[in-house]
Amino acid sequence: MGKLTNKKRIYLSSPHMSEEGYEMQYVKNAFDTNWIAPLGENVNSFECELASRVGSKAAAALSSGTAAIHLALIAAGVEKGDVVFCPTLTFSATANPIIYQNATPVFIDSNFETWNMCPQSLELAFEKYPEVKAVIIVHLYGLSADMDKIMGICKKHNVVVIEDAAESLGGYYKGQHTGTFGDYGIFSFNGNKIITTSGGGMLVSNNGDMVEKVRFWATQSRDPARHYQHSELGYNYRMSNVVAGIGRGQLKILGERIEKKKHIFEYYKSEFNELAGVEFMPVNKWDSPNYWLSAITLNGKVKPLDVMEALEKENIESRPVWKPMHMQPFFQEYDFVGTDISEKIFERGICLPSDTKMNEQDLKRVSNVIKGLWMN
Ligand SMILES: *Cc1c(COP(=O)(O)O)cnc(C)c1O
């Protein structure tokens, strides 16, 4: 697309280092001690600090959130041919590792109340696939899934639960951190997430032995022997000590980032509440989200594409809501349990600029463009 304006670019969600320079101090320490790789003090401390922040017993720092989901599936014992339930309304990284294991994803619909996995559809899926090995739950855009209901159903069926909390770091369901309800939780520090290490991920669990095992798999499954000996398939999935330094610095300002994200959401809410057809993403009573992205649905005359095009003309980034997995060409052959709810959220949904580097003037710019569409 050609350049249509000289106005400053406003992003959906971009990396935002601390004003204090915490990240640089930890990275400098890695350089000063020549602990660039492998592993080292920053990795160990980042694991402890993140585990304590979310209230989990143990954590393993990994190269990406996707790697963390992959190793969580291996920890869950998911193998060739096993069925894994996965929400359909998510980013493809939730589902791809199921395929890495040659397992079979079954996609589950959302409900309008949470935008996340629908408990009724989950029940139906258990009736259809009683042999299911694991369930992946996602907390979309930082909004908690309906955990009491979903965990109740999963416990009844005695299935391993993996929480993809890549988008919800710092968010709580009824006072408990999302990512700590299931057997395994995963977080992402990709560049667009609420805090970033440039790229990275974390697996958390209260099962310390299994977290130790995950670290073993992530470092090529090297048996304790002087020579290189391997009794299991290994992966190169560990986080580097430099990257972990960025993570430690970012974790210090996670609270500030959540406050800013919440401010952005509240601002849009106050600006757009009167606009016909606008509905905000659902923040439930039991939810204390991190507001990673502010998303709305449009059910009136103005369509999501109108908004996205108008914003792009002003050099402002926005996106549709994730396209459901059961609508993706790659995942077409796999089963889907539900109706048309996630499809409707996708068709009507739009993610608004939620970048924490925006100032009040930037927010006003976004708001004016959007409100302008309702004026003619
Ligand atoms: C970002 C994201 C991931 C993947 O994390 P990476 O660190 O980019 O591999 C997984 N699931 C969801 C829902 C995400 O948004």
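The values are calculated or read from the model by the stated rules, or taken from the named source; none is laboratory data. As the structure is a prediction and not an experimental result, all values here were calculated from the model. Heads up, the Cβs are rebuilt from the backbone with ideal geometry, glycines too, and the neighbour counts pull from every protein chain shown. When the accessible area is computed, the model is the full protein with side chains, heavy atoms only, and any ligands, DNA or RNA have been set aside. Shrake-Rupley method; radii C 1.70, N 1.55, O 1.52, S 1.80 Å.
Which residue, of 125, 145, 76, is closer than 19 Å to residue 346 by Cβ, among the small types (Gly, Ala, Ser) and either free of Cβ contacts under 8 Å to residues at least 60 places away in the same chain or away from the ligand (no atom under 15 Å from the Cβ) (or both)? Explain how you work it out, then say what you get.
On the way: 125 fails: closer than 19 Å to residue 346 by Cβ; 76 fails: closer than 19 Å to residue 346 by Cβ.
145 is the lone residue from the list that is closer than 19 Å to residue 346 by Cβ, among the small types (Gly, Ala, Ser) and either free of Cβ contacts under 8 Å to residues at least 60 places away in the same chain or away from the ligand (no atom under 15 Å from the Cβ) (or both).
Looking at the stretch 184-203, can you tell me whether even one residue there is away from the ligand (no atom under 16 Å from the Cβ) and either closer than 26 Å to residue 149 by Cβ or open to solvent by 50 Å² or more (accessible area, probe 1.4 Å) (or both)?
Restricting attention to the stretch 184-203, the residues satisfying the condition of being away from the ligand (no atom under 16 Å from the Cβ) are none.
No - not one qualifying residue is present in the stretch 184-203.
Among the listed residues 163, 127, identify the single one that is open to solvent by 20 Å² or more (accessible area, probe 1.4 Å) and either of a type outside the set (Val, Ile, Thr) or not in a helix (DSSP H, G or I) (or both). Lay out the reasoning, then the answer.
On the way: 163 fails: open to solvent by 20 Å² or more (accessible area, probe 1.4 Å).
When all the criteria are applied, what remains is 127.
Out of 145, 93, I need the residue that is part of a loop (DSSP other than H, G, I, E, B) and open to solvent by less than 30 Å² (accessible area, probe 1.4 Å). Which one?
Values: 93 fails: part of a loop (DSSP other than H, G, I, E, B).
Answer to the check: 145.
To keep it simple, each residue is scored yes or no on (1) within 16 Å of the ligand (Cβ to nearest atom); (2) of a type in the set (S, T, N, Q); (3) more than 17 Å from residue 356 (Cα to Cα); (4) in a strand (DSSP E or B).
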| site | (1), (2), (3), (4) |
| --- | --- |
| 210 | no, no, yes, no |
| 243 | yes, no, yes, no |
| 261 | yes, no, no, no |
| 269 | no, no, no, no |
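One line per residue, one yes/no per condition, for (1) open to solvent by 30 Å² or more (accessible area, probe 1.4 Å); (2) out of contact with any helix residue (DSSP H, G or I) (no Cβ under 9 Å at 6 or more places or on another chain); (3) at pLDDT below 95:
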| site | (1), (2), (3) |
| --- | --- |
| 312 | yes, yes, no |
| 317 | yes, no, no |
| 335 | yes, no, no |
| 339 | yes, no, no |
| 354 | no, no, no |
| 367 | no, no, no |
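Per-residue answers, yes or no, for (1) modelled with pLDDT under 95; (2) within 26 Å of the chain's Cα centre (by Cα); (3) surrounded by fewer than 21 Cβ atoms within 10 Å (Cβ to Cβ):
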position: 4; (1), (2), (3): yes, no, yes
position: 12; (1), (2), (3): no, yes, yes
position: 19; (1), (2), (3): no, yes, yes
position: 38; (1), (2), (3): yes, no, yes
position: 50; (1), (2), (3): no, yes, no
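I want to confirm something. Restricting to the stretch 58-73 and keeping residues that are assigned to a helix (DSSP H, G or I) and among the small types (Gly, Ala, Ser), which single residue is nearest to the ligand (Cβ to nearest atom)?
Keep residues of the stretch 58-73 that are assigned to a helix (DSSP H, G or I), which gives 65-73.
If we keep only those that are among the small types (Gly, Ala, Ser) too, we end up with 65, 67-68, 72.
Working: 65: 3, 67: 7, 68: 8, 72: 11 Å.
Among them, the one singled out is 65.
Looking at 302, 283, which is the one that is more than 25 Å from residue 190 (Cα to Cα) and either open to solvent by less than 20 Å² (accessible area, probe 1.4 Å) or assigned to a loop (DSSP other than H, G, I, E, B) (or both)?
Details: 283 fails: more than 25 Å from residue 190 (Cα to Cα).
The match here is 302.
Would you mention how many residues in the stretch 79-105 are within 15 Å of the ligand (Cβ to nearest atom) and not hydrophobic (A, V, I, L, M, F, W, C)?
9
Give the stretch 66-85 a look and list any residue that's open to solvent by 10 Å² or more (accessible area, probe 1.4 Å) and under 16 Å from residue 196 (Cα atoms), or say none.
66
I'm trying to understand the selection: among the residues of the stretch 171-200, which are outside any loop (DSSP other than H, G, I, E, B) and either in contact with a Pro (Cβ under 7 Å, 6 or more places away or on another chain) or within 29 Å of residue 77 (Cβ to Cβ) (or both)?
Going residue by residue through the stretch 171-200, those that are outside any loop (DSSP other than H, G, I, E, B) are 172-173, 176-177, 184-188, 190, 198.
Passing the criteria: 173, 176, 177, 184, 185, 186, 187, 188, 190.
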